[in-house]
Amino acid sequence: MRLLIRCHKLGLCEAPHITEAWTSGASEGLLEKFRRVLTQARENAITDGDTATEKYVKALYAKFASTIGESTYNREIRRPDWMHIIRSQAFANLWYKAHRAHKAGLTIVRLRGTDELHVTGETDWRSVFTEGRLTTQLKLKDQYALPQSRKRSA
């Protein structure tokens, strides 16, 4: 619901109308607290130059997100609803960044996974996004030239 409300505020869809609800916000609230703690730990590690803690937090999150749903490695806690909440939020964050880039005049070339945004255009992406390693920032992973389109001869 929060994602639909966010899309509505961006003018991307109508306001959601709930006719019947069979969900609980408790799971999402727990995951939000977990996200905040991990984000703060990662930001502190980056600020302090503590690469071991930064890598540990990143690995902890990756392991949690990959095993919380359907996993042969995790038989104790199986919460596919948590996995869907985490993944849908990650996809929504990426699509929000793509929307922001598009509004700034950049052309979206490709969206991949939950964290890859490929853009091109006259506008420098650094004027749209802050470059860095924090969760609210973007970092340049690669630069490449797009193939030139061939003109068809008549």
**Q.** the chain - charge dipole about Cα centre, Lys and Arg +1 at Cβ, Asp and Glu -1, debye rounded to 20
**A.** 460
(Q) Please check: in the Gaussian network model of the chain (C-alpha springs, under 10 Å), which one of Tyr96, Tyr56, Tyr73 has the largest mean-square fluctuation. (A) Tyr73
Q. Along the charge dipole of the chain, which of Ser27, Thr114, Ile86 sits closest to the positive end, that is, farthest toward it, with unit charges on the beta carbon of Lys, Arg, Asp and Glu (+1, +1, -1, -1)?
A. Thr114
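Take the residue pairs Lys55/Lys103; Lys9/Lys97; Lys103/Lys141; Lys9/Lys141 and return only those whose Cα atoms are more than 26 Å apart.
On the way: Lys55/Lys103 34 Å; Lys9/Lys97 15 Å; Lys103/Lys141 22 Å; Lys9/Lys141 31 Å.
Check vs 26 Å cut-off fails for Lys55/Lys103; Lys9/Lys141.
Going by a ≥ b ≥ c, the root eigenvalues of the Cα gyration tensor, does the chain fall in the rounded group (a/c under 1.5), the prolate group (a/b larger than b/c) or the oblate group? All intermediate terms of the calculation are to be shown ahead of the outcome.
On the way: a/c = 1.87, a/b = 1.32, b/c = 1.42.
Taking the square roots of the gyration eigenvalues as a ≥ b ≥ c, the chain is oblate.
Hey, got the dipole for segment 38-123? About the Cα centre, +1 on K and R Cβ, -1 on D and E Cβ, debye to the nearest 20? Don't skip to the answer; put the middle values down first.
Working: 13 positive and 10 negative charges, 60 e Å.
Dipole magnitude for segment 38-123 comes out near 280 debye.
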Q | Inter-site label distance for Met1 and Glu20 at 7 Å from Cα along Cβ, in nm | A | 1.6
Q: Hey, can you find the accessible area per residue of the chain for me, probe 1.4 Å, expressed in square angstrom?
A: 80
Q. Say each of Arg35 and Lys58 gets a label point 7 Å from the Cα, pointing the same way as Cα to Cβ; how far apart are those two points in nm?
A. 2.0
Q) What shape does segment 1-50 have by the C-alpha gyration tensor, where a ≥ b ≥ c are the square roots of the eigenvalues, rounded means a/c under 1.5, and otherwise prolate means a/b greater than b/c and oblate the rest? A) oblate
Q: Determine the share of the chain's accessible area contributed by carbon and sulfur atoms, expressed in whole percent, with a 1.4 angstrom probe.
A: 53
Q. Does segment 48-135 classify as rounded, prolate or oblate by the C-alpha gyration tensor (a ≥ b ≥ c root eigenvalues; a/c under 1.5 gives rounded; else a/b over b/c gives prolate, otherwise oblate)?
A. oblate
Q) How many nm separate the modelled label positions at Arg78 and Ser127, each set 7 Å beyond the Cα in the direction of the Cβ? A) 5.3
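The values are calculated or read from the model by the stated rules, or taken from the named source; none is laboratory data. It should be emphasised that the depicted structure is a prediction, and the values quoted were computed from it without experimental measurement. Cβ: placed from backbone, ideal geometry, glycine included. Neighbour counts: every protein chain shown. Accessible surface is based on the protein model in full, side chains and every heavy atom, while ligands, DNA and RNA are left aside. Shrake-Rupley method; radii C 1.70, N 1.55, O 1.52, S 1.80 Å.
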